[in-house]
Amino acid sequence: VALSPALALMTRLQHLNLSTNHMHDEGLVSLGPALAGLTRLETLDLKRNKLSSAGVPALFGFLTNARLLREIDLAGNVTHYSFQSSDGPDMMAKLTPYIIKLPSLQKISVASNFLFSLGVKHLASIVVESFGSLTSVDLGGTRAAGNKIGSAGAKSLAAALFHTPLKEL
């Protein structure tokens, strides 16, 4: 992506909004090294692109260094639903170990990603492991593109919410 060299130079950047840019996994992979240098970033908005679990590892370098990140929005990326697909849960499984370690994270949006109950189980572990910093989780969606968490997902989330300071769900 042509944006990578410019982003690499913007080490003081605090807010990055790349939402609704039809960015695919390849675009995120090419941005990965530039994102890793954005250690002062407080908000990262990647909603409504075309990212999947295959592209998520490009965020690992960034998430490892993102000590000031308060908000991450990944809503509406997994847009294809099928009974054979596990992309939403796989995306959450890959992100969870990194997101758990973000000390300043207050808000995460994973709305409309077909997380199903397994993806919500991973999200629940983020809620539990956030040690009180996480105050907002967006799990919403539309009738056509929700998260379809089912009763098992609701139970996982309910158990996680029992002792958390969430203000928004």
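Here are the numbers:
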read-out	value
Filter result (open to solvent by 60 Å² or more (accessible area, probe 1.4 Å), closer than 23 Å to N77 by Cβ and not β-branched (V, I, T)) within segment 139-169	R143, A144, K148, E168, L169
Any chance F62 is closer than 20 Å to N147 by Cβ, crowded, with 20+ Cβ neighbours inside 10 Å and among the aromatic types (F, W, Y)	no
Selection within segment 65-80 - touching a Lys or Arg at 6+ places or on another chain (Cβ under 8 Å) and either under 18 Å from H22 (Cα atoms) or at pLDDT below 90 (or both)	I72, D73, L74, A75, G76, N77, T79
Total residues in segment 129-169, condition of a type in the set (G, A, S) and assigned to a helix (DSSP H, G or I)	9
Lone qualifier among L18, L95 - being more than 19 Å from L139 (Cα to Cα) and either surrounded by 18 or more Cβ atoms within 10 Å (Cβ to Cβ) or modelled with pLDDT under 90 (or both)	L18
Cross-chain or 6+ apart pairs with Cβ under 9 Å, segment 56-75 first and over 22 Å from P89 (Cβ atoms), then open to solvent by less than 30 Å² (accessible area, probe 1.4 Å) and of a type in the set (D, E, K, R)	E71/D45
Pairs where the first residue, in segment 20-49, is small (G, A, S) and the second is outside any helix (DSSP H, G or I), C-beta under 6 Å, 6+ apart	G27/V1; S30/V1; G37/T11
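Residues are listed down the side, and each one gets a yes or a no for (1) assigned to a loop (DSSP other than H, G, I, E, B); (2) buried (at least 16 other Cβ atoms within 10 Å of the Cβ):
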{"residue": "R12", "(1), (2)": "yes, no"}
{"residue": "E26", "(1), (2)": "no, no"}
{"residue": "P33", "(1), (2)": "no, no"}
{"residue": "L38", "(1), (2)": "yes, yes"}
{"residue": "K47", "(1), (2)": "yes, yes"}
{"residue": "S52", "(1), (2)": "yes, yes"}
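The values are calculated or read from the model by the stated rules, or taken from the named source; none is laboratory data. Keep in mind that what you see is a predicted model, and the values were worked out from it rather than measured. Cβ coordinates were reconstructed from backbone atoms using ideal geometry, including for glycine residues, and neighbour counts include every protein chain displayed. Side chains are part of the model used for accessible areas, which takes the heavy atoms of the whole protein and leaves out ligands, DNA and RNA. Shrake-Rupley method; radii C 1.70, N 1.55, O 1.52, S 1.80 Å.
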